[in-house]
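Enquirer: Here's a structure for you.
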Amino acid sequence: MVERALFPTSVVGSLPRPEWLLEAIAAYEGGKIEESQLKEYYDEAVILAVKQQETAGVDEISDGEQRRFSFLAFVAERIPSFKLIPTTELMTREAEEYVKSMNLHVGVISNPVIVGPIKRTAPLVAEEVKFAMKYTQKPVMAPLIGPLTLLINSWNKERSGRYYTTPEDAFGDLTKMLREEILALKEAGASFVQLDEPAIGNFVDFRYTRWLLALNGWKLGDLSELHKIASDLINMTVKGVSGIDVGVHICRGNWRSDEEHYSHGGYEPMIDEILDMKVKRLVLEYATKRAGTYQVFRDHPWHGEVGLGVIDVKDPRVESPKEVVARVEEASKIFGEENIILNPDCGFASGRPWPVVNRRIAYAKLSAQSEAAKLLRKKHA
Ligand SMILES: [Zn+2]
């Protein structure tokens, strides 16, 4: 077996898009350029993201999600079983109450709503990875939407009920689509598939969850049923998959830089389903104080790899390598140094219109993370 270097560095996926890409997209939407021209801009943006991650010293890179509208909405851009519908069009009276009480800015959010039987009629992510791999020797990871986050946003009683009477009826087809994508990513040569599950992170206080359930008409006797559903869906998705590393990314949302807007709390409320997930790596927020302490994993040990969030993506201040080293050393006592991969808390721009920091800051943070890994390797060699 090949011994890998300690403290490899990675990313969670998205990077802010260059201004010229946003202008090209606007020009395309305004009918001023052709689709083939827009594709060239996308290609250039991905090549730039690949090279900038290499320059920043990241060991395992992504394509920066440059081609996606967002980590979630892109499903509707690729698969006709889903249609992007503004949440303002789906709004119910009950959902409206939550919007008011949480001061949610839902005007920019559109959901990929199920509008037909779910079938993987085209690749979701595999083509992104294949393209990025042409321009780098580094391992390329693949962020892929997780099953609960997709389902809770996409099953809508009114629009999807004809095809799936209840969300539970969609479990089989939805996890099959994601599993087929994981197998395509294995074939493409991706280093790691990361299932993005902010819906699990929102279990810390269920506020955002309640809004989505009210919006989509998903009735649950007790919200705690979602805990078991979360791990069941992950395990259905990865069932029978081998030969490619799969992990789950849990965070508490990522669409604005002001911290007070987000859920606060550690991993305690969802530790049982976390430990039940049959995956290799957990990619966890930990740089933000909102994510709580490591204590929960001391009490309930996780024996796999941990993609440790060491960079706060919402804070424009660039961390010093030394402070990243301190975060990793504290976590090493709980998770074991051989299990830790350094990554930011989340992507730097989970949606095209809402980067949480600018590109200069994002790459400076990735460089600090790489410097920290070098210091750690020296100390622990
Ligand atoms: Zn995230």
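The values are calculated or read from the model by the stated rules, or taken from the named source; none is laboratory data. On a predicted model such as this, the values are computed, not experimentally measured, just so you know. Cβ coordinates were reconstructed from backbone atoms using ideal geometry, including for glycine residues, and neighbour counts include every protein chain displayed.
Enquirer: Among the residues of the stretch 342-376, which ones are small (G, A, S), crowded, with 24+ Cβ neighbours inside 10 Å and either within 17 Å of the chain's Cα centre (by Cα) or within 16 Å of the ligand (Cβ to nearest atom) (or both)?
Expert: Within the stretch 342-376, G347, A349, S350, A362 qualify.
Enquirer: Let me spell it out: the conditions are (1) under 21 Å from I79 (Cα atoms); (2) part of a helix (DSSP H, G or I), and L195 meets all of them except one. Which number is the exception?
Expert: The failed condition is (2).
Enquirer: Output the residues belonging to the stretch 223-257 that are closer than 17 Å to N153 by Cβ, within 14 Å of the ligand (Cβ to nearest atom) and out of contact with any Ser or Thr (no Cβ under 8 Å at 6 or more places or on another chain).
Expert: V248, H249, I250, C251
Enquirer: Give all pairs with beta carbons closer than 7 Å in which a residue from the stretch 95-117 that is under 26 Å from P80 (Cβ atoms) and among the hydroxyl-bearing types (S, T, Y) meets a residue that is outside any helix (DSSP H, G or I) and modelled with pLDDT of 90 or more; count only pairs at least 6 apart in sequence or on separate chains.
Expert: Between residues of the stretch 95-117 that are under 26 Å from P80 (Cβ atoms) and among the hydroxyl-bearing types (S, T, Y) and residues that are outside any helix (DSSP H, G or I) and modelled with pLDDT of 90 or more, the close pairs are S110/A73; S110/L84; S110/I85; S110/P86.
Enquirer: Can you name the residue in the stretch 290-299 that is within 16 Å of the ligand (Cβ to nearest atom) and without any contact (Cβ under 8 Å) to a residue 40 or more places away in the chain and, of all such residues, is nearest to G240 (Cα to Cα)?
Expert: The qualifying residue nearest to G240 (Cα to Cα) is G292.
Enquirer: Among (1) of a type in the set (V, I, T); (2) part of a helix (DSSP H, G or I); (3) surrounded by fewer than 17 Cβ atoms within 10 Å (Cβ to Cβ), which single condition is T293 missing?
Expert: (2)
Enquirer: Report, by residue number, each residue of the stretch 114-163 that is within 22 Å of L282 (Cβ to Cβ) and among the small types (G, A, S).
Expert: A142, G146
Enquirer: Restricting to the stretch 190-222, give me the number of residues that are closer than 24 Å to S62 by Cα and away from the ligand (no atom under 16 Å from the Cβ).
Expert: Result for the stretch 190-222: 2.
Enquirer: Something else: I'd like the full set of residues that are over 16 Å from the mean Cα position of the chain (by Cα), crowded, with 20+ Cβ neighbours inside 10 Å and within 13 Å of Y135 (Cβ to Cβ), limited to the stretch 43-76.
Expert: A45, V46, A49, V50, Q53, listed by residue number.
Enquirer: Mind checking which residues of the stretch 150-183 are β-branched (V, I, T) and within 16 Å of K83 (Cα to Cα)?
Expert: I152
Enquirer: Further, regarding this structure: Of all residues in the stretch 76-95, which are under 16 Å from L144 (Cα atoms) and either within 16 Å of the ligand (Cβ to nearest atom) or not hydrophobic (A, V, I, L, M, F, W, C) (or both)?
Expert: E77, R78
Enquirer: Inspect the stretch 164-175 for any residue being within 20 Å of the chain's Cα centre (by Cα), within 26 Å of K39 (Cβ to Cβ) and in a helix (DSSP H, G or I) and give the result as yes or no.
Expert: Checking the stretch 164-175: not a single residue is within 20 Å of the chain's Cα centre (by Cα), within 26 Å of K39 (Cβ to Cβ) and in a helix (DSSP H, G or I).
Enquirer: Count, please, the residues in the stretch 258-283 that happen to be more than 14 Å from the ligand (Cβ to nearest atom) and among the polar types (S, T, N, Q).
Expert: Here the count works out to 0.
Enquirer: For residues in the stretch 32-42 being loosely packed, with under 15 Cβ neighbours inside 10 Å and of a type outside the set (S, T, N, Q), which is farthest from E77 (Cα to Cα)?
Expert: Step by step, filter the stretch 32-42, then rank; the result is K32.
Enquirer: Among the listed residues S10, S36, S14, S70, which satisfies the condition of being without any contact (Cβ under 8 Å) to a residue 24 or more places away in the chain and polar (S, T, N, Q)?
Expert: Among S10, S36, S14, S70, only S36 is without any contact (Cβ under 8 Å) to a residue 24 or more places away in the chain and polar (S, T, N, Q).
Matching residues to (1) among the polar types (S, T, N, Q); (2) farther than 28 Å from K228 by Cβ; (3) part of a loop (DSSP other than H, G, I, E, B):
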residue	(1), (2), (3)
G64	no, yes, yes
R68	no, yes, yes
E77	no, yes, no
P80	no, yes, yes
K119	no, no, yes
A122	no, yes, yes
L148	no, no, no
N153	yes, no, no
